[in-house]
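J.: I have a structure I would like to understand better, so I am pasting it below and will then ask my questions one at a time.
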Amino acid sequence: MSSIYQVAEMAGVSVATVSRVINERGYVSEKTRLKVQEAINILHYTPNQAAQSLTTSSTKLIGLLVPDINNPVFLEQSKGINDYLKDKGYILMYAESGEDDEEMSNMVRRFLSNRVDGMILCSRDFTQFGDMDAIIEPALKNNVHVVLNGYVDSKFEIDRVGFDNVRGAYLATEHLLKMGHSSIALIAGTDSTISEERYRGYREAHIDNHVSLNPALVVKGDFRQHSGYEAMLKILQMNPRPTAVFAMNDVMAIGAMMALEDHKVSVPDEIAVAGFDDIIWCSLIRPRLTSVVQPKYEIGKKLAEFLLSRMNDSYSGPGRHEIFGSRLAVRQSTVKSEQQ
């Protein structure tokens, strides 16, 4: 196994210079940096991460907390985060909160005990946790920066990345209205800011298109597939039966389509279905699912970018809040053959 001393000898520089190149700290000319990098590649030198952390106080670990590690939305966001961070020499430490405030608080403390350099906390809705400041304060007191992928009212200067849920739900509902549907059932999610915003888009599309809202068409789900299935069973019992369904996420929409298939109801000929998030399954199921496109990978990269800019002191200003826009991917689940 090669050593830092061999790298320094091959590159014709001091051990301290090699250390500066590896840790990206202190000035090194571009010519020298390239010589050191070439020696590292030739010798296949891998820095000892534990030793590095002792001398630089950096572990190169980033804690990533998601509510559900199996949810395709958080999987793709995680990929964006990981791809950005690995290019900068960082390693992700994954954990799952289950949308439980006590578990989230515990995981933040565990991240700190593992000496992470920063944290990215993901949730469907941070407002459900009550005092989010109490959860993140231990990290900030230990000079560990935190970024969030959603809205939270905080006394701290926290960077956040979000998505325009209102506009996304508006686009999906408006599409169904323009396809001739005036009775559109809504499969809602849990009580949360996301659900409120997506309901607002659903409502505003009805108002702007002069179609009356029927509260009886709103059926409660919990963002999971089984709840979409159960919600669709209730919708099928409605009289008159709606001709279209908009689910607040794709997982519930797919559950709804499974219920329709089990009851031999044709999609979209008898009931059109639209979802939200544009997860990979939308293009794999038949008929392919119309869905609001959430740029999950790009959101992940932006979260990582915000975090590193805080960690390397390239940004120390007020908390930033970036909102990504939305668009609708129209597929077979809402377009009848004669409308194509």
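The values are calculated or read from the model by the stated rules, or taken from the named source; none is laboratory data. Nothing here was measured: the structure is a model prediction, and the numbers come from that model. Every residue, glycine as well, gets a Cβ built from its backbone with ideal geometry; the counts of neighbours run over all protein chains shown. SASA here: full protein model, heavy atoms, side chains in, ligands and nucleic acids out. Shrake-Rupley method; radii C 1.70, N 1.55, O 1.52, S 1.80 Å.
J.: Rank Val166, Ala139, Ser78 by how far each Cα sits towards the positive end of the charge dipole of the chain (+1 on Lys, Arg Cβ; -1 on Asp, Glu Cβ) and give me just the farthest.
T.: In the chain, that residue is Ser78.
J.: Mark the label point 7 Å from the Cα of His44 along Cα→Cβ and return the residues of the stretch 6-23 whose backbone N is within less than 19 Å of it.
T.: 6-8, 10-11
J.: Could you size up the charge dipole of the chain around its Cα centre, putting +1 on the beta carbon of Lys and Arg and -1 on that of Asp and Glu, and report it in debye to the nearest 20? Don't skip to the end; give the middle numbers.
T.: Details: 36 positive and 43 negative charges, 162 e Å.
The dipole of the chain has a size of about 780 debye.
J.: Stick to the Cα atoms of the stretch 241-340, pair each with every other, and give me the Kirkwood hydrodynamic radius in Å at one decimal.
T.: Mean inverse Cα-Cα distance, inverted, gives 15.4 Å.
J.: Computed over the Cα atoms, what is the radius of gyration of the stretch 79-149 divided by 2.2 N^0.38 Å, N being its residue count?
T.: Working: Rg = 12.1 Å, N = 71, 2.2 N^0.38 = 11.1 Å.
Here the answer is 1.09, to two decimals.
J.: Two decimals, Cα atoms only, Kirkwood Rh: what is Rg/Rh over the chain?
T.: On the way: Rg = 24.4 Å, Rh = 22.3 Å.
With Rg and the Kirkwood Rh in hand, the quotient comes to 1.10.
J.: In nm, what is the difference between 0.36 nm times the number of residues separating Phe324 and Ser183 and their Cα-Cα distance?
T.: Details: separation 141, 0.36 × 141 = 50.76 nm, distance 2.96 nm.
That pair, Phe324 and Ser183, stretches by 47.8 nm at full extension.
J.: To make sure I understand the rule: partners must be lysines, Cα under 22 Å from the Cα of Lys336, and not fewer than 8 residues away in the same chain. Which ones qualify?
T.: Partners within reach: Lys178, Lys264.
J.: With Rg and the Kirkwood Rh both taken from Cα atoms, where does Rg over Rh land for the stretch 155-273?
T.: Ratio of gyration radius to Kirkwood radius for the stretch 155-273: 1.01.
J.: Kindly sort Thr46, Thr290 by accessible area of their heavy atoms, largest first, with the probe set to 1.4 Å. Please report the intermediate quantities before stating the final value.
T.: Numbers: Thr46 105, Thr290 0 Å².
Greatest to least solvent exposure: Thr46, Thr290.
J.: With springs only between Cα atoms under 10 Å, which of Leu34, Leu148, Leu64 fluctuates most in a Gaussian network model of the chain?
T.: Leu34
J.: Evaluate E = 1/(1 + (r/R0)^6) for Tyr315 and Asp100, where r is the Cβ-Cβ distance and R0 equals 25 Å; express this FRET efficiency to the nearest 0.05.
T.: Numbers: r = 31 Å, r/R0 = 1.26.
After rounding, the FRET efficiency stands at 0.20.
J.: If you don't mind, another one. Let's see if you can work this out: charge +1 on each Lys and Arg Cβ, -1 on each Asp and Glu Cβ, no other charges. What is the dipole magnitude of the stretch 201-248 about its Cα centre, in debye to the nearest 20? Don't jump to the answer; show the numbers that get you there.
T.: Details: 5 positive and 4 negative charges, 33 e Å.
That gives a dipole near 160 debye.
J.: Also: Kindly report, to the nearest 10 Å², the accessible surface of Val218 as traced by a 1.4 Å probe over protein heavy atoms only.
T.: Taking all protein chains as shown, Val218 has close to 60 Å².
J.: If you don't mind, another one. So which chymotrypsin sites (Phe, Trp or Tyr not before Pro) in the stretch 147-199 pass both tests, a DSSP loop state and at most 15 other Cβ atoms within 10 Å of the Cβ?
T.: Loop-located and lightly packed - Phe156.
J.: Between the stretch 266-298 and the stretch 159-207, what is the C-alpha centre distance in whole Å?
T.: So the separation of the two Cα centres works out to 14 Å.
J.: Say we join alpha carbon atoms closer than 10 Å with springs in a Gaussian network model of the chain; which of Met252, Met104, Met132 then has the biggest fluctuation?
T.: Met132
J.: I would also like to ask the following. Please report the antiparallel percentage of the DSSP beta bridges confined to the chain, to the nearest 5. Walk me through the intermediate numbers first.
T.: Values: 3 of 37 bridges.
Around 10 percent of the beta bridges assigned by DSSP in the chain are antiparallel ones.
J.: Moving on. Between Leu233 and Arg115, what's the calculated FRET efficiency when r is the beta-carbon distance and R0 is 45 Å? Round to 0.05. Present the calculation step by step, with values, prior to reporting the outcome.
T.: On the way: r = 50 Å, r/R0 = 1.10.
About 0.35, to the nearest 0.05.
J.: Charges only on Cβ, +1 for Lys and Arg, -1 for Asp and Glu: so what's the dipole of the stretch 178-302 about the Cα centre, in debye to the nearest 20?
T.: 100 debye
J.: Right, here's the next one. Running a GNM on the chain with Cα contacts under 10 Å, which residue among His175, His44, His210 ends up with the highest mean-square fluctuation?
T.: Residue with maximal mean-square fluctuation among His175, His44, His210: His44.
J.: Give me a comma-separated list of calculated 3J(HN,Hα) values for the stretch 192-208, in order, Karplus coefficients 6.51, -1.76, 1.60 applied at θ = phi - 60°, integers in Hz, x for any Gly or Pro.
T.: 6, 4, 4, 4, 4, 5, 6, 5, 4, x, 4, 5, 5, 5, 4, 4, 5
J.: Nearest 0.05, what FRET efficiency do Met258 and Asn143 give at R0 = 56 Å with Cβ-Cβ as r?
T.: Details: r = 48 Å, r/R0 = 0.86.
It comes to 0.70.
J.: Further question on the same structure: Cut-off under 24 Å on the C-alpha distance; same-chain residues fewer than 8 positions from Lys155 excluded. Which lysines are left, in chain and number order?
T.: Qualifying lysines at Cα under 24 Å: Lys141, Lys302.
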